[in-house]
Amino acid sequence: MSDTTPQSLAHHARYVPGFHFVATGLLAINFIWSLIELVKHPGAGTVDGSLVAVALLLLLWYTRAFAVGVQDRIIRLEERTRMERLLPADLKPRIPEFTRAQLISLRFAPDQELPALARKVL
């Protein structure tokens, strides 16, 4: 999406097949397989394999969670900057009152509707 493309919910969600389906699927299969092997053949090698499988799933989870956290901070910063530019003087001091969820949802409001929606939210 370029900087000139208007933001909308349709552009918000995006799946990367290699990450969301292939890597997640392979790591899930690896985890299940390691648990089956651990039950069938308990021992140091299968315990080690199961721990590595768990660590890989945690790595996958936290990689995504950290990226989403950064994305949320960027969205909040963009929305606060946008509000500084578009809100009337009486609402500007109240910008810090918006919650994370409110800022993220107001992201999809057209510029001309933002002041009225912001007032309604507050």
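The values are calculated or read from the model by the stated rules, or taken from the named source; none is laboratory data. The model shown is predicted, which means the values in this text are computed figures rather than measured ones. Note: ideal-geometry Cβ built from the backbone for every residue, glycine included; neighbour counts use all protein chains shown. The accessibility values were calculated without ligands, DNA or RNA, using every heavy atom of the protein model including side chains. Shrake-Rupley method; radii C 1.70, N 1.55, O 1.52, S 1.80 Å.
Exactly one residue among L51, L56 is in contact (Cβ under 8 Å) with a residue 24 or more places away in the chain and either open to solvent by 80 Å² or more (accessible area, probe 1.4 Å) or within 24 Å of R14 (Cα to Cα) (or both), and that residue is L56.
For every residue, the table says whether it meets (1) under 30 Å from L26 (Cβ atoms); (2) open to solvent by 70 Å² or more (accessible area, probe 1.4 Å); (3) part of a helix (DSSP H, G or I).
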residue: Y62; (1), (2), (3): yes, yes, yes
residue: G69; (1), (2), (3): yes, no, yes
residue: E79; (1), (2), (3): no, no, yes
residue: P93; (1), (2), (3): no, yes, yes
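Taken over segment 1-57, the residue count meeting the criterion of being among the acidic types (D, E) and modelled with pLDDT of 95 or more is 2. Of the listed requirements (1) closer than 26 Å to H20 by Cβ; (2) at pLDDT 95 or above, A101 misses just one: (2). On the stretch given as segment 65-98, residues that are closer than 30 Å to V16 by Cα, without any contact (Cβ under 8 Å) to a residue 24 or more places away in the chain and more than 16 Å from the chain's Cα centre (by Cα) total 2.
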